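Trainee: First the structure, which I've put down as structure tokens, then a few questions once you've had a look.
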Amino acid sequence: MLERPLLGAGLAVGLGSLLAGLGWGLVLALALGAWAALGRLPEVLAGGSRAHGRFLGGFLVLSHLVAAAPPPLAGESGGGAFEARALVWDAAGRRTGLAPDLLGRAYLPDEPVCATRVASPRVARESELVLYLCGTPALPFARGPVPGSMERAGVAGRAPLRVDRLVRLGPAPRSLVMRLVAPLGRAVSAWRGALLGASGCLDSGLPPGLLEALLFGERGGLDRGTTDLFTRTGTRHLLAISGLHVGLLAAFLILPLARLVARLFGRPQLELTATAALLLVFVPLAGASPPVIRAAVVLGLGLAGRRSGPFGRPVDGLNLWGAALCLECLLAPERLAGLSLGLSYLATLGLLLGLGPLARRTSAAITAALGRLPGLGLEPWRPAWSRPRRALLAAAVVRAASLAVASSLAAVLATLPVAWSVFGEVAPIGILLTPLALPLLAWLLTLAWPMTIALALLTGTVLEVPLAAAGSSLLSPAAELLGGLLHLADGLPGTPVALPARPVALVALAVLGSFLVLRWGPGIRTPGRARTRHLLTSATALAWAALLLPWTAAPAQVEVVALDVGHGTGIAMRLPSGQVWLFDGGTRDRLGLYRQAYAPLLAEWDAGRPTVVLSHADQDHWSGLSDLLERHPPRDWLGHLPADLAGRLPDDC
């Protein structure tokens, strides 16, 4: 860490921002900062200098103070400037805070707004937009004896509301920079709207709303079935524009175009300028979300600093990761509490730490397996210089496949603590499915972006119809292959696997130990270090065993739980044998029956495959069983079987 000061700064800032959410965080931050300033922490870590300790300590305390600083209020009169049910927006139309009891999303003033009841109030500030809503009562979530994720967050329900009026508190500040940028923002918004309309003219063969989600991050048009299909197959991360999408588009479209521009002008140094210009155009058109901006900045820095310094020293990935985390936490510390930022940085850190070791082990395993096949020329006894051409081609394919699988595995392993604690499920097939889907995703992105831009430019001309037909014919094969691949994977067992309730700290320790074992390879000759690695491997194996083995003992007598489902029925029963029976599972006036009631209860029970008993065909008795079938395939099904669920039961049920 001491050889990477930016990595240390990023970790210190992240820790300080996290401590800001604790009541005693300032005391702990000051104590750690003082300890680091005295030089003790670097000495414990690696015998570093006191100056570096003061550097990290200052960052730690500074980040805590920045994250914990309360927002400036407009005064006492600001609290009474809006009704109790309202949403707070800034001058750019982005949600910045919560009104006393509602949180939601607004699309247009005349469209429904999905509002969520929360417990944390915030007073509107000067120049913010306040969205007045009608007083429709919230629709509560289903509940059980074990709190669901929304209940743990203090959320009780949601309500469909309509906008009543839009009011601004006080005059909006208009600086010179804002006045100059405002026309550009309006032009970008107009172009983005035109591109969204043009993408709708492409009959790509994808489910409704999927192309808009992949290109522009607009997921409002996705139906629930499509989203859940990506979730069950472990590929939901493909629906949100992230560094993966930016990297694919850069590799197959932006960088080739930049090289073409440099060659046309005969100036190789223009390649970096053209790349930066194309990224500046792409980011706002893609929605300018934090993951897109973050990926574009990191890509630009990586390309600009491929070689730095007088000795051609390559850019250090961990230093770059720490610099990005440090900057983002200082500029927007509230994002650290969001899933997007945590998943993004954890996945990137997993790639930096585990990609190399995992790729080497995966390549060795695949090569050893293929070496047993006659005719390929990959036998271990054969020297590299005597291998035939087919062996060289096979070795190149093995390297590419190993790199792709290792990248997916490293990202999934690094984000496992968040997936385990927040989502409660994981789809192992996604580790293999993501590399298989990447060529199809690159196909769609590389062709859809230029076709959409061309359609937006040629709208209303005689070329619009043939261009849309040509684009549809080019995109349809990739869409069909992607859909077939996802449905094929969805038919496999373990899509997804419901995870039992475990402490997130234990999951994090098991993941950290796995990465340390991978980084600390087996080729250690020093007896002391070899003994330490052996102890670390044993401790990691024990942590994984503790996570996977059952924790809950079967009850001494029958345990019956009636879930709070409102107008409906949902009863769970656990026998002394450990078997779980579910009697009905539906509701008319509750949300999230499986996610908020069944899932936490079954995770607490370490339930395997339950037996389902359905009394009759009314939807308020089985509406919540649809999600349950995918996560907990029933052992037996007794009673009525709705037609919508008949084809989704396992073969042995």
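The values are calculated or read from the model by the stated rules, or taken from the named source; none is laboratory data. From a predicted model like this one, the values you see are computed outputs, not experimental measurements. A quick note on method: Cβ atoms are made from the backbone with ideal geometry, for glycine too, and the neighbour counts reach across all protein chains shown. Each accessible area value is taken on the protein alone, full model and side chains, heavy atoms only, with ligands, DNA and RNA left out. Shrake-Rupley method; radii C 1.70, N 1.55, O 1.52, S 1.80 Å.
Trainee: Restrict the check to the range 498-521 and report whether at least one residue is in a loop (DSSP other than H, G, I, E, B) and of a type in the set (Phe, Trp, Tyr).
Mentor: yes
Trainee: Within the range 395-424, restricting attention to residues that are farther than 17 Å from Ala347 by Cα and open to solvent by less than 20 Å² (accessible area, probe 1.4 Å), which residue is modelled with the highest pLDDT?
Mentor: Ser402
Trainee: Before we move on, is Phe230 in contact with a Lys or Arg (Cβ under 6 Å, 6 or more places away or on another chain) and touching a residue at least 24 places away in the same chain (Cβ under 8 Å)? Before the answer, list the steps.
Mentor: On the way: in contact with a Lys or Arg (Cβ under 6 Å, 6 or more places away or on another chain): yes; touching a residue at least 24 places away in the same chain (Cβ under 8 Å): yes.
Yes.
Trainee: Give the residues of the range 433-470 that are under 20 Å from Leu485 (Cα atoms) and modelled with pLDDT under 90, sorted by residue number.
Mentor: Scanning the range 433-470 gives no hits.
Trainee: Related question: When you go through (1) over 23 Å from Ser344 (Cα atoms); (2) open to solvent by less than 20 Å² (accessible area, probe 1.4 Å); (3) not β-branched (Val, Ile, Thr) one by one for Trp443, which number turns out not to apply?
Mentor: So Trp443 meets the others, but not (2).
Trainee: Helices (runs of 4 or more DSSP H) wholly in the range 186-300 with at least 3 residues that are under 26 Å from Leu325 (Cα atoms) and open to solvent by 20 Å² or more (accessible area, probe 1.4 Å) - which ones?
Mentor: 243-249, 270-285
Trainee: I need a count of the residues in the range 240-275 that are among the hydroxyl-bearing types (Ser, Thr, Tyr) and touching a residue at least 40 places away in the same chain (Cβ under 8 Å).
Mentor: Total satisfying the criteria: 1.
Trainee: Looking at Thr532, Thr540 in this structure, which one is assigned to a helix (DSSP H, G or I), more than 34 Å from the chain's Cα centre (by Cα) and among the β-branched types (Val, Ile, Thr)?
Mentor: Going through Thr532, Thr540 in turn, just one is assigned to a helix (DSSP H, G or I), more than 34 Å from the chain's Cα centre (by Cα) and among the β-branched types (Val, Ile, Thr): Thr532.
Trainee: I'd like to check something: does the range 173-186 contain any residue that is under 23 Å from the mean Cα position of the chain (by Cα) and at pLDDT 75 or above?
Mentor: Just the residues of the range 173-186 that are under 23 Å from the mean Cα position of the chain (by Cα), to begin with: none.
No, the range 173-186 has no match at all.
Trainee: Within the group Ala553, Ala572, Ala597, which residue is within 29 Å of Val507 (Cα to Cα) and part of a loop (DSSP other than H, G, I, E, B)? Give the steps one after another, and end with the answer.
Mentor: Values: Ala572 fails: part of a loop (DSSP other than H, G, I, E, B); Ala597 fails: part of a loop (DSSP other than H, G, I, E, B).
Matching residue, one of Ala553, Ala572, Ala597: Ala553.
Trainee: Here is a follow-up. Looking at (1) closer than 30 Å to Leu416 by Cβ; (2) of a type outside the set (Asp, Glu); (3) open to solvent by 60 Å² or more (accessible area, probe 1.4 Å), which one does Val507 not meet, given that it meets all the others?
Mentor: Only one criterion is unmet by Val507, namely (3).
Trainee: Scan Ala404, Ala456, Ala469, Ala442 and give me the residue that is in a helix (DSSP H, G or I), under 24 Å from Ala213 (Cα atoms) and touching a Pro at 6+ places or on another chain (Cβ under 9 Å).
Mentor: Matching residue, one of Ala404, Ala456, Ala469, Ala442: Ala404.
Trainee: If you don't mind, another one. May I ask you to say which residue of Asp618, Asp564, Asp627 is under 29 Å from the mean Cα position of the chain (by Cα) and charged (D, E, K, R)?
Mentor: Details: Asp618 fails: under 29 Å from the mean Cα position of the chain (by Cα); Asp564 fails: under 29 Å from the mean Cα position of the chain (by Cα).
Just a single option satisfies the conditions, and that option is Asp627.
Trainee: When you scan the range 567-591, how many residues do you find that are surrounded by 19 or more Cβ atoms within 10 Å (Cβ to Cβ), more than 19 Å from Gln619 (Cα to Cα) and over 34 Å from the mean Cα position of the chain (by Cα)?
Mentor: So the count comes out to 1.
Trainee: Right, next: Restricting to the range 334-368, name every residue that is open to solvent by less than 50 Å² (accessible area, probe 1.4 Å) and closer than 25 Å to Leu392 by Cβ.
Mentor: The answer is Leu355, Gly356, Pro357, Leu358, Ala359, Thr362, Ser363, Thr367.
Trainee: Within the bounds of the range 324-333, is there any residue that is open to solvent by less than 40 Å² (accessible area, probe 1.4 Å), modelled with pLDDT under 75 and touching a Ser or Thr at 6+ places or on another chain (Cβ under 6 Å)?
Mentor: Yes.
Trainee: Right, Leu378: open to solvent by less than 30 Å² (accessible area, probe 1.4 Å) and part of a loop (DSSP other than H, G, I, E, B) or not?
Mentor: On the way: open to solvent by less than 30 Å² (accessible area, probe 1.4 Å): yes; part of a loop (DSSP other than H, G, I, E, B): yes.
So Leu378 passes the test.
Trainee: Also, I was wondering about something else. Cβ-Cβ under 8 Å, sequence separation 6+ or interchain: first residue in the range 367-379 and modelled with pLDDT of 75 or more and of a type in the set (Ser, Thr, Tyr), partner part of a loop (DSSP other than H, G, I, E, B) and surrounded by 16 or more Cβ atoms within 10 Å (Cβ to Cβ). Which pairs?
Mentor: Thr367/Leu378
Trainee: Does Ala391 qualify as being without any contact (Cβ under 8 Å) to a residue 60 or more places away in the chain and crowded, with 17+ Cβ neighbours inside 10 Å?
Mentor: yes
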